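Read the structure below first, then the notes.
Rule-based calculations on the coordinates, nothing more; no lab input. Not measured: the values here are computed from a predicted model. We place every Cβ from the backbone using ideal geometry, glycine too, and count neighbours over all the protein chains shown.
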Amino acid sequence: MDWAYFLQQLINGLTLGAIYGLIAIGYTMVYGIIGMINFAHGEIYMLGAFHSLITFLICQAAGISGILPLTLLLMLFVSMVLTSIYGWGVERIAYRPLRGSFRLAALISAIGMSIFLQNFVQISQGARVKPMQPLIEGGITLMESPNFNVQLSYMQIVIIVLTFVLMVVFSTLIAKTSLGRAQRACEQDRTMAGLLGVNVDRTISTTFVMGAALAAVAGMMVTLYYGVIDFYIGFLAGVKAFTAAVLGGIGSLPGAMLGGLLIGLIEAFWSGYLTIEYKDVATFGILVLVLIFRPWGLLGKPEVEKV
Amino acid sequence: MTDNVQLEVEHLTMRFGGLVAIDDLSFTARKREITAIIGPNGAGKTTVFNCLTGFYVPTEGRLTLYANDGPRLLERMEGFRIPRNNGVARTFQNIRLFTGMTVLENLIVAQHNQLMEASAFSLAGLFNLGRYTSAEKEALETAKFWLNKVGLYEQADWNAGNLPYGSQRRLEIARAMCVNPSLLCLDEPAAGLNPRESAELNILLQSIRDDQGIGLLLIEHDMSVVMKISDHVIVLDYGKKIADGNPEAVKNDPAVIRAYLGEDEDDELPPEVAADLHLDPNA
Amino acid sequence: MSALITSSRISGAEIVKELAFFAVIALLMSVMILGVETVDRPTGLELAVRWDLVITAIISTIIGRLALIIRREHISRIGQAVLITVAAVAVFEMFVRFREMDDRWASPVFIDMAFGSVTSIVLAIAFIAIVFAIAYFSMKKVAAEEEESGSNLSAKIQLAYRTNTKKIGALGIVFFIIFPFLFGENRSAIDLATLVMIYIMLGWGLNIVVGLAGLLDLGYVAFYAVGAYSYALLSQHFDLSFWLCLPLAGIFAASFGIILGFPVLRLRGDYLAIVTLGFGEIIRVVLINWYDLTGGPDGISSIERPSFFGLAEFDRRLPEGVMGFNELFGLDYSTMHRLIFLYYLILVLALVTAFVTVRLRKLPIGRAWEALREDEIACRSLGINPTNTKLSAFAIGAMFGGFAGAFFATRQGFISPESFTFLESAVILAIVVLGGMGSQIGVVLAAIVMIGFPEMFRELAEYRMLIFGAGMVAIMLWRPRGLLSFRDPTILLNMSKKEKVAGEVK
């Protein structure tokens, strides 16, 4: 067994998993609070990637792209804000009017929204792959072996650290603030929360905004990490992040992160040791297996059927 | 006496995590009798039904149904097989009709299994073979019989969701009867009915017992129904049976009175009941 | 302005505030994605600025919001007229802007006019006055009509449609049968009609699953693919004829449906949706990567065309002893014969699908599907096996998908994984949903609108999926169960169908 190779896959897997985890949080929070799959969430992530790319290009045109920290902060800020507004808008337009309508309607509306956003970006920004030059280069060589050097790039460090920080911030937000309390109340019983003076509409909107902001961060990190994006990246990433959310236990924040990391690792190891072509099949396979044998996921609670 | 037993529940226990919803419950229900299960809210009555009809798998215990062709064990059976093979039909506390379908369709769906067989899993039905048409005619007759019985013949073509509340309750009973059960479980059939409707319900339930010869298991809060028509009353409190007997005896049982009216001193409660009280005041 | 509008619950200032809020939102949403275009250059990406699109987005948002406010609040006639005038000026602004695309930085036309000559000021005032007058005087009528005939009209249409579905269906069938006689010489018309018919069939197949049984299947294209590849492979490797492969393709697809469905059909609606989506993708990935069997991304080409029921062939040059179709019927050779034959073939296949669906709906299995859609728990309490019942819907839907796939393979003569993407599933689902879940005629209309129109208006093809998506959302908001989703009872005791429908419409 080549430990160097193993370690490299582990690093790659964790990086990928952090990105999936960030997207998965959006799914899990929305599912927790309104009990539906926000099908358009993958597209929100894609929009985050585009917003950060365009912000970078604007910085470049303005001649400030030389100041790397400023550029990165601007990219982060702008993409989080603008993408959040999309998250808010999607909820307002496609989901809120259908709250309380029958289940399939909201789901179909979400799929329609997803198709719309995808094509909206395709038409406005073109169907071609958008390249992006690497901004954070270099890394640390962790281990040298005769045929293989284990690299931990600075980019990977940024991704993992940023994800960790965001996780802590958001967990605190939900555990400690009145907003988080309102959210948890709406999760339990929306009608009752409303009767007790929680602004349910606003709480749900905030949930979408928070999920979208995290997805935007994931989008920005993917743009920087892989250096290419297109209008179609949201679909696969969305399904995988959803798988992560289900695997971790839908509705559970740490579960989403754990699921994301697991999916990232599985994908990295599958590609590293088995066939790279079938890595997506592996993810879908896991989704199916989890749903069949443990639909409440690793950290979720089983639901007792109400008769 | 034993050959008259319809249902035997032995040591039934149901736990949800740490919560003990039913605790070592045993009772019997006899054929051609109305057995009522009463008790305060949260006593575990509906959970008993859910175990009986396969919605929950009991943690412990044995449920034996004495059908015409011998005893059957219900506790490990898939939910849909219980009405299909054993003839236990039920209604729900919150009425569960097919609201978008007509009243008549509700009654025909209830006869699904006979019809499915007659239609040779749709093949005979697809080509309209005689075997299926005659079975369908029969199903329609059964449906009409129950429509008349519950007084909904005129509304047969209404969407079930458009019926007034009391009629929906009666329709749900009729639908359960169309399954052709040997035991009918009714979960609060009188809830939300006015006194006149309640009285009509009494007549209907008695007629099901006497004319159809079917055993009924009844969860009910409305004492005017329970005391008037039941042959046998079982009282549950916190998942335990606290009384069992004929209506007169149960009415005067001090344990029952205590359960319903409460107790002055907490320390006289059994310790686990007191513990449950602290855990979940709504239970 | 505010004084004019203060008639009801909302003041002018509030309206302005609301509009400003949504204008800012529109600005923020469009400022980058629409306002800045990333352009590929040899040196890397560059930017092109498109403020006109941002302005258009903002103005459209304001107009949309205004319309909503007018509907929501019962604003006085004058108020409504003012709002409509504002909207009209904005629309006018946009049109002028579109016509002067080269001059992107021009200031608004009305401001230009105001500072221009006296004539232009007069013209501008006249424009506003005319719009205002028309808006004001038409408003009374609309308000009155909306109460009475507005809902009445749609009720009349609904009544007419629902009592005559059989006749409408029969007329449609006749139209599709005589279609080749009308357009027999026009190759592209026949091609288009065949394509539309494939989607009608797929829509009807999926309708069993989604419309009747209420199972949201986002991977329907998988069964279509299984059908197509089973025919292509069977005919290539075992030299089996189309007529033998057609039922086999259906059986394969149905078996796939059962294999896939068995573990997942216990899942709740939205989980089921995502799992079926996953299965659709798995099948596509396998098709791409299993090079030895499927030819990978290159697909399978020169798939055999069907014969005339094994009696005659359609090719121009035939080996000895094989009868040509034209010889059989004593006609001159024409390449159109095969195309028209294929058109009729898919028509028959689609009609079989429709017939079976209509029939099944009135059988116990169909009623159980609908009951299951309404309440699964109640079904279990009645002894209906939910898994098997769902599975039967899934398998039957898959079977028709398989038939359609085999037809697709034989008609195109070439298949590749590209034809079986998620988008295809989404299109089929959109057809079912837009048409009205459970409605046969709805599927036909939706297929014509969604497949036929974009092919006819090629210049709009780019916007097709955009409009699909927006349409799916809009229809869900307007009619959550689809456009023509009226449920007719499968059996009636006392009433005629007409009475029942009339009772419901009112």
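The sum of -39500 (n - 2.57) across all DSSP H runs of n ≥ 4, divided by the residue count of chain B, sets its helix-only mean residue ellipticity at 222 nm to -11500 deg cm²/dmol. Would segment A:164-307 count as rounded, prolate or oblate if I go by the C-alpha gyration tensor, calling it rounded below 1.5 in a/c and otherwise prolate when a/b exceeds b/c, oblate otherwise? It is oblate, given that a/c is not under 1.5 and a/b is not larger than b/c. Applying 0.36 nm per residue to the separation of C:Ile168 and C:Phe183 and subtracting their alpha-carbon distance, the gain on full extension is 3.2 nm. Highest mean first, the peptides C:56-69, C:204-217 sorted by other C-beta atoms within 10 Å per residue fall in the order C:204-217, C:56-69. Each principal axis of the Cα atoms in chain C has its own extent, and those three values, largest first, are 88, 70, 49 angstrom. Sorted into 10 angstrom bins from 0, the C-alpha pair distances of chain B split as 6, 27, 33, 22, 9, 2, 1, 0 percent. Its alpha carbons considered, segment B:95-180 gives a radius of gyration followed by a Dmax of 13.1, 40 Å. Entry note, chain A: relative contact order of 36 percent, from Cα contacts under 8 Å with a spacing of 6+ residues. Evaluating 6.51 cos²θ - 1.76 cosθ + 1.60 at θ = phi - 60° for every residue in segment B:145-155, the Karplus couplings come out as 4, 6, 4, 5, 4, 9, x, 10, 4, 4, 9 Hz, glycine and proline recorded as x. Amide H contacts under 5 Å for B:Ala36: B:Leu218, B:Asp231, B:His232, B:Val233, B:Ile234, restricted to partners 5 or more places along the chain or on a different chain, H placed in the peptide plane at 1.01 Å from N. Under 17 Å from a label point set 7 Å out along the Cα-to-Cβ vector of A:Ile64, the amide N atoms of segment C:23-65 belong to C:32.
Dipole magnitude for the protein assembly as shown: computed about the Cα centre from +1 point charges on Lys and Arg Cβ and -1 point charges on Asp and Glu Cβ, it is near 2120 debye. Approximating the spin labels as points 7 Å out from Cα along Cα→Cβ, the A:Thr141-to-B:Ala199 distance works out to 9.7 nm. Which net charge results when you count Lys and Arg as +1 and Asp and Glu as -1 among the other residues whose beta-carbon is under 13 Å from that of C:Glu46? Around C:Glu46, the charge tally is 0. Where in segment C:300-338 does the label zone of C:Leu244 land, with the point 7 angstrom along Cα→C-beta and an amide N cut-off under 17 Å? From segment C:300-338, the list is C:304-312. Of all lysines in the structure, those lying under 29 Å Cα to Cα from B:Lys45, and not within fewer than 8 positions of it along the same chain, are A:Lys301, A:Lys306, B:Lys31, B:Lys149, B:Lys228, B:Lys240, B:Lys241, B:Lys251. Here the 3J(HN,Hα) profile of segment C:315-323, calculated from phi with Karplus coefficients 6.51, -1.76 and 1.60 at θ = phi - 60°, is 5, 6, 9, 10, x, 4, x, 9, 7 Hz, Gly and Pro shown as x. For an R0 of 35 angstrom, estimate the FRET efficiency from the Cβ-Cβ distance between B:Asn246 and B:Glu154 and round to the nearest 0.05. That pair, B:Asn246 with B:Glu154, gives E of 0.35.
Taking Cα atoms only, the orientation of helix A:68-90 departs from the longest principal axis of chain A by about 30 degrees. By the beta-carbon count within 10 Å of each Cβ, the least crowded to most crowded order of C:Val348, C:Val131, fewest first, is C:Val348, C:Val131. Rounded to the nearest 0.05, what FRET efficiency do B:Glu141 and A:Ala127 give with R0 = 51 Å and r taken as the Cβ-Cβ distance? Could you check? Efficiency, rounded to the nearest 0.05: 0.20.
Measuring between their Cα centroids, segment C:474-506 and segment B:60-121 lie 29 Å from each other. So what's the angle, to the nearest 10 degrees on a 0 to 90 scale, between helix A:178-188 and the longest Cα principal axis of chain A? On a 0 to 90 degree scale, this one is about 70. According to the Cα-based calculation, Rg over Rh for segment C:188-432 is 1.02, with Rh computed by the Kirkwood formula. Tell me which DSSP H helices of chain C clear both cut-offs, 27 Å or more of axial length from alpha-carbon atoms and a mean Kyte-Doolittle hydropathy of at least -0.5. Result, helices passing both filters: C:12-33, C:51-72, C:77-99, C:118-145, C:187-207, C:242-264, C:269-289, C:336-361, C:386-412.
For A:Leu298 and A:Ser178, the difference between the fully extended length at 0.36 nm per residue and the C-alpha to C-alpha distance is 40.4 nm.
Counting only chymotrypsin sites (Phe, Trp or Tyr not before Pro) that DSSP places in a loop and that have at most 15 other Cβ atoms within 10 Å, the longest clean stretch of chain B runs over B:128-283. In terms of other Cβ atoms within 10 Å, A:Ile136, C:Ile300, C:Ile130, C:Ile428 run from fewest to most in the order C:Ile130, A:Ile136, C:Ile300, C:Ile428.
Considering the protein assembly as shown, its Cα convex hull presents a mean projected area of 55.8 nm².
How many Lys pairs in chain C lie less than 21 angstrom apart by Cα atoms, where the lysines are 8 or more positions apart or on different chains? So the count works out to 21.
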